[in-house]
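Working notes, beginning with the structure itself.
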Amino acid sequence: FKAENRKILREEEVEKCLINLLEIDNDGVKVAASNAISAMCENSASKRALGVQGIPQLVQLLSSDNEEVKEAAVTALVNLTAASPGNARAVAEAEVIEPLVNTLTAQRDGAVANAATVLANLATQEPFRTRVQRHGIMGVLAEPLRSTNSQVQSKAAFAVAAFGCDADARTELRNAGGLGPLVELLHSKNKEVRRNACLAVMVCASDELTAVELCRLGALDILEEINLSIVRKNNYSEAALEKLLDNNLSQKFSRMGYLSSSNIITDGFYDCGQTKPGVTFLSLKELSMQELTDQQAIIFINAKPQEERSTNFLYSFIGFGLFLIKRKDFLYCSPQIMGCCFFSCVRKGKGKKEEEKMKEIPHPQIISKDQDEINLEHSCWTPPPDFALLDYINDASKTILPLTTTREQVVALAQFVADKMGGPIERDKLHDFSWELHISETEFELKSHIVPIGKIKKGTFYHRALLFKVIADRIGVRCSLVRGEYNRAWNEVELVDDSPQGIAGLLLPPKKYIVDLMFEPGFLLKQGSAEADQYKHI
């Protein structure tokens, strides 16, 4: 229709005629009337009139056995709800959500694509988005994402972006296996599909679990490749890459060698060194399965609260009991041995009397076909706790957090970290500081490459810089973490100098400083100075 024709038809109140035609018992007429309604939506007045009167009839057509009728009806709903909150509200109130979700499994690609679009239109209003999510929308969208039709792919990806802002929705998509097909769409040669896929990845990467899974599926590598191409990159590809890394800090630091002050290190973070191009970034669990060799230690952060200690021990005990029960070749396990398993976890906090009593408990033999097959660590691996780190954070919260200025907090924290990592080192004796031997001994003691940072008592630049960043993040001191070469790393802070004498109240811009954690702990090196460059490179 031309604009002039739509205006004439509007003056003749054609909307009433079209709505009446929807009730005719002829599928061809219903399809034609629905198509005409779609065309008339270009006129804003007609759009309002058709929304008030025609939505209930169009909703009924979604239940038609005729796939062509269903497609025409949902196409009309797309045009009625586009940029029209009032019509979207009317559609939601017409109990159309379930029929629309069911239409996502329709036979015609046009019906599927348009159903996804209508649902995305509804998602612009939070109450309706919540109602749609209750119908399991993300689980259903997993299948349209696998479609070979570019229109369906594009609209399904956009719908994922519309609903992916909710954590439960992201979990639903993850559990339904929808992240894999979404990542595959990043390879699409279709510009719109690729753009919407990048948008969906950006939205879905809002939590660590989903971001880690997307990285595991290859989203990070694909996005890096896209952003290198002037033709393929888009407004969302760079933002998606940044979001993925910001919610997967272990991989970000491994790839980029940098964490900003807004990148807050939490429990579960680990540093396995700089990742070489083309090398797969392994999860902590995968790294825990590797045999102990001379490779670099993996520094792990896991400061669980005090009240969780006994719970963790109990979980270990229960897990061990279940492991024994599941063993088919397990023949006998007395109550005493089960008790020993539990008390061996907690006796560190007991006195000598309790330990002596434990020695008196008999240890019946467990008869099995092959005792060496039992490897509890690998069968039910859990990250090692770091109670020393927790104590560091608690101490810093009590002694450093109350200090009045950020400068004082930074200096005090630097001295605190250096004290925990072997103290100040004289520059000309740096080569005598045998931190490598200490780390190797710690790995051997733990029988693992994964070393909780609280276990490190002799740390070099990057151990100290990482500990500084971890504690600073917990007590609210803003700082960045930068990886250098040859085991170097440092922290950058921004501090505001005092106003010049005689000019009270003058607000000066902040200046960047590098915090000395090795030679003169707490000394602040101005960024760009010779001292700062020497600290980073020598």
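The values are calculated or read from the model by the stated rules, or taken from the named source; none is laboratory data. These numbers come from a predicted model, not from an experiment. Using ideal geometry, Cβ is built from the backbone for each residue, glycine included, and neighbour counts are taken over all protein chains shown. Please note that ligands, DNA and RNA were not included when accessible areas were found on the heavy atoms of the full protein model with its side chains. Shrake-Rupley method; radii C 1.70, N 1.55, O 1.52, S 1.80 Å.
Quick test for you: out of T210, T148, T130, pick the one residue that is open to solvent by 10 Å² or more (accessible area, probe 1.4 Å) and in a helix (DSSP H, G or I).
Checking each option against the conditions leaves just T130.
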Which condition does S64 not pass, out of (1) assigned to a helix (DSSP H, G or I); (2) surrounded by fewer than 19 Cβ atoms within 10 Å (Cβ to Cβ), if it passes all the others?
(1)
Using the structure shown, decide if E291 is open to solvent by 10 Å² or more (accessible area, probe 1.4 Å) and either modelled with pLDDT of 95 or more or assigned by the TED database to the domain that holds P452 (or both).
no
Exactly one condition in (1) part of a helix (DSSP H, G or I); (2) modelled with pLDDT of 95 or more is not met by D221; state its number.
(2)
Every residue in the range 31-52 that is within 19 Å of E71 (Cβ to Cβ), open to solvent by less than 40 Å² (accessible area, probe 1.4 Å) and in a helix (DSSP H, G or I), please.
V31, A33, S34, A36, I37, S38, A39, M40, L50
Mind checking which residues of the range 70-118 are among the acidic types (D, E) and under 20 Å from M40 (Cβ atoms)?
E71
Looking only at the range 232-267, and only at residues there that are surrounded by fewer than 18 Cβ atoms within 10 Å (Cβ to Cβ) and of a type in the set (D, E), the one that is nearest to V477 (Cα to Cα)
D267
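Could you please give the count of residues in the range 233-248 that are basic (K, R) and part of a loop (DSSP other than H, G, I, E, B)? So that I can check it myself, show each step before the final result.
Step one: filter the range 233-248 for residues basic (K, R), giving 233, 243.
Filter once more, keeping what is part of a loop (DSSP other than H, G, I, E, B): 233.
Within the range 233-248, residues that are basic (K, R) and part of a loop (DSSP other than H, G, I, E, B) number 1.
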In the range 57-87, how many residues are within 21 Å of V140 (Cα to Cα) and within 33 Å of the chain's Cα centre (by Cα)?
1
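Can you pull out the residues in the range 382-405 that are open to solvent by 70 Å² or more (accessible area, probe 1.4 Å) and more than 20 Å from L284 (Cβ to Cβ)?
K398, T399, L401, P402, T404
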Between a residue in the range 84-111 that is among the basic types (K, R) and any residue that is in a loop (DSSP other than H, G, I, E, B), which pairs come within a Cβ distance under 8 Å, given they are 6 or more apart or on different chains?
R89/Q125
If only one of K155, K189 is assigned by the TED database to the domain that holds Y236, crowded, with 24+ Cβ neighbours inside 10 Å, without any contact (Cβ under 8 Å) to a residue 60 or more places away in the chain and not β-branched (V, I, T), which one is it?
K155
Could you check R108 against (1) at pLDDT 95 or above; (2) touching a Pro at 6+ places or on another chain (Cβ under 6 Å); (3) open to solvent by 10 Å² or more (accessible area, probe 1.4 Å) and say which number it fails?
(2)
